[in-house]
Structure formats: structure tokens, C-alpha cells
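Computed from the coordinates by the stated procedures, all read-outs in this text should not be read as laboratory data. This is a predicted model, so every value here is computed, not measured. In this analysis, Cβ positions are derived from the backbone assuming ideal geometry, glycine residues included, and neighbour counts consider all displayed protein chains.
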Amino acid sequence: MNQDQQLIKSAVQGDTASITALLERHGTTVERSLQIGATWQSMIDSADVMQVTYLEAFLRIQSFDPDRGSSFEAWLRRIAENNLRDAIKGLSRKKQPPPKNRIKPGGLEDSLVGLYEMFSASISTPSQQVGRGEICRAVEAAITALPERYQKVVQLYDIEGRSIEEVASELKRSPGAVHMLRARAQDRLRELLGTPSMFFGSES
């Protein structure tokens, strides 16, 4: 078993030092492989892409299966390229995001329900089975379960209704980084809200 394999085995079992070592060994190579076109270089920094990529690697490492034939570096590169793609997709839209994906301004309850409805078609708990109050509690719990950086983006953009530029200024990050963080936050929220226990966990 080579050193990468040993580190991966420990990382998948939850050893933080091992995943950190893997990221230190392969992160620079992955960052250098990123191809950011001239159009986007003033709005997307490779370091921003890698920061989100490292966070996702920590969150997703238990899903990495070396037996599938993919190396850790290739897995990490796919995460980074996906983040870069989401940043470019967000930045290329004239309206960010399109109106159908933007929650209408309203009170906290309206924002929470609107956020849930964005994902309702792709999650396993139909909205008609739960009440408005229960939806709000589930969405709040799901947001609380997010990493802090994801929480902040959701709070500022989706709940408070601020623009991407305002969120970027508040977080001292590039607009491209905000698009990446929001895309990954949405992925996590969709997963969490698709878990029945988020709605029915307290029932007997």
C-alpha cells in the first residue's frame, strides 16, 4: 500500500490529518491545472476555487471510493472543475440568478418557504405533506447544519435578498467565489431537506 492509499484509508475513516495531508500533496497540482479564460480572470481567482474545493473535499471524503479506479487527485480535480464551472455559469448570466431561481422579497417565513420550494421537485418529502411552519423549521435546521461559509451566503443572498455583489463585498470574496459557495450550499441543502428525519424525526 503506497502513501496515498494509506492516507485515503484513514481520511475516509474521518482522520482530519490524513485528508489535510492529501490536500497539501495534490492541491497545488490541481490548482495549476485549472483553465480560467481571460474573460473571467478578473472575477474568478484560482485560490477561491480551491478554497471551496478543499471544503467540499472535507465534506465529501467519505464518499470517495478508491476501488473505482479513480485517483484522489482526479477526484479533487473534478470537484475543482465543477466549482469553476458553477462560478462561470453564475457570472455569465445577465440576471444572477434568473428570476425563476430568485426568491421573492418577503418576510423570513416567506424566504424559508421559497428556499424549500426551489428544491421541492428534487427531494423526497412532498411539500403538500407538511405544513408551512414545519417547512420553516426544517429549512432553518438545514441551514444551521451547513458549514459556516455556506450558511452566510444563504443568509445574505437567499434570506435577506442581497445581490451577488453585496454578498461578495460583505464576505470579502469575489463574485465568482459567491456563486461557487451558493451552488455547493444548494447541493447540501437539497440533500438535507431530502432526508425525511428533517421533517418527521421528532414524531413517535
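Work out, in µm²/s and without decimals, the Stokes-Einstein translational diffusion coefficient of the range 1-62 at 10 °C, 1.306 mPa s, Rh from Kirkwood over C-alpha pairs.
It comes out at roughly 125 µm²/s.
If you stretched the chain out fully between Arg137 and Lys89, how much longer would it get, using 0.36 nm times the residue separation minus the C-alpha to C-alpha distance?
14.2 nm
What ranking, highest mean first, results for peptides 141-154, 4-17, 178-191 when packing means the other Cβ atoms within 10 Å averaged over each residue?
Order by mean packing, descending: 178-191, 141-154, 4-17.
Around His179, under 11 Å between beta carbons, what's the net of Lys plus Arg minus Asp minus Glu among the other residues?
Cβ neighbours under 11 Å give a net charge of +4.
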